[in-house]
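Take a look at the structure below.
Please treat every number below as a calculation from the coordinates, not as lab data. Just so it is clear, the model here is predicted, and its values are computed rather than measured. Please note: Cβ atoms are built from the backbone with ideal geometry, for glycine as well, and neighbour counts cover all protein chains shown.
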Amino acid sequence: MPHPAWNQPLSVDDYLVGEDGADCRHEYIDGQIYAMTGASDRHGLIVGNIYARLRPLLRGTPCQLFANDMKVRLQIDNQDLFYYPDLLLSGDPHDRETYYRTQPCLLVEVLSDSTARIDRREKRWAYQTIPSLREYLLIAQNQRTVEIHRRARGWVLETVTEGSVRLDCLDVELPLDVIYEDVML
């Protein structure tokens, strides 16, 4: 994990106020904040492709889909954590805090060299504590590979390298051709 961006413990309220309109986003782990790095063009295209495919399917439902800027809040062992997943889907109409969600059913992270270890270990472990979470996707940006962890299958890793990814929480297939459209590998 990168070094904290601030050495003094920060309250949740001060963190949320500081993130509102900030030029640089930060993740929050038990009072410490960590600056987030910028994203590559491939990263942006992958997130945009998935968002563009899923958003029309959600019209008229209680589901809300967010790309990049909505935090997920967790509380583990009396510690507050806030992460910025690349995509967050919440279907709970009562999960409507202004700056974060607590009950997502789907979380997606696009892997980069600097974040892959954290996404595969720390965040996977933390996200699995969310009772509403059904699926966690990790998407490679340098090759056509999607890793899926599903609650219904005991969080066992599934890897998809061709065809489609089944999103049980939405009852849809997400083709790899859509995920990687216009992405130069």
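Before moving on, here are some points about what is shown:
- The chain: calculated mean residue ellipticity at 222 nm from DSSP helix runs of at least 4, using -39500 (n - 2.57): -4000 deg cm²/dmol
- Selection from ALA152, TYR51, HIS26, by position along the positive dipole direction of the chain (Cβ): ALA152
- Taking amide H as placed 1.01 Å from N in the peptide plane, the amide H of ARG166 sits under 5 Å from that of LEU174, each at least 5 places away or on another chain.
- Sorted by Cβ neighbour density within 10 Å, fewest at the top, the residues MET36, MET184: MET184, MET36
- Net charge of the neighbourhood of ASP168, taken over other residues with C-beta under 10 Å away and scored Lys/Arg +1, Asp/Glu -1, is +3.
- According to the Kirkwood relation over distinct C-alpha pairs, the hydrodynamic radius of segment 1-104 is 14.9 Å.
- Computed about its Cα centre, the charge dipole of segment 77-185 is approximately 360 debye, with only Lys, Arg, Asp and Glu carrying charge at their Cβ.
- Computed over neighbours whose Cβ is under 10 Å from that of TYR180, the net charge equals -1, Lys and Arg +1, Asp and Glu -1.
- Measuring nothing but how far apart in sequence close Cα pairs (under 8 Å, 6+ apart) lie, relative to its length, the chain scores a relative contact order of 16 percent.
- Gaussian network model of the chain, springs between alpha carbon atoms under 10 Å - residue of GLU97, GLU27, GLU135 with greatest fluctuation: GLU97
- Cα gyration tensor shape of segment 114-166, rounded if a/c is under 1.5, else prolate or oblate by comparing a/b with b/c: oblate
- Here is the list for segment 32-86: trypsin sites (Lys or Arg not before Pro) lying in DSSP coil, each with at most 11 other C-beta atoms within 10 angstrom of its C-beta, are ARG59.
- DSSP assigns beta bridges within segment 1-142; of those with both partners inside it, close to 75 percent run antiparallel.
- Test item: Cα-centred dipole of the chain, Lys/Arg +1 and Asp/Glu -1 on Cβ, debye: 480
- Normalised by 2.2 N^0.38 Å, with N the number of residues, the alpha-carbon radius of gyration of the chain equals 1.00.
- Crossing angle, helix 41-54 versus the chain [Cα axis fit, 0-90 degrees, rounded to tens]: 70
- Dipole-positive endmost among ILE130, GLN143, THR161 within the chain (Cβ charges, Cα centre): THR161
- Ordering VAL160, VAL47 by the number of other Cβ atoms within 10 Å of each residue's own Cβ, fewest first, gives VAL160, VAL47.
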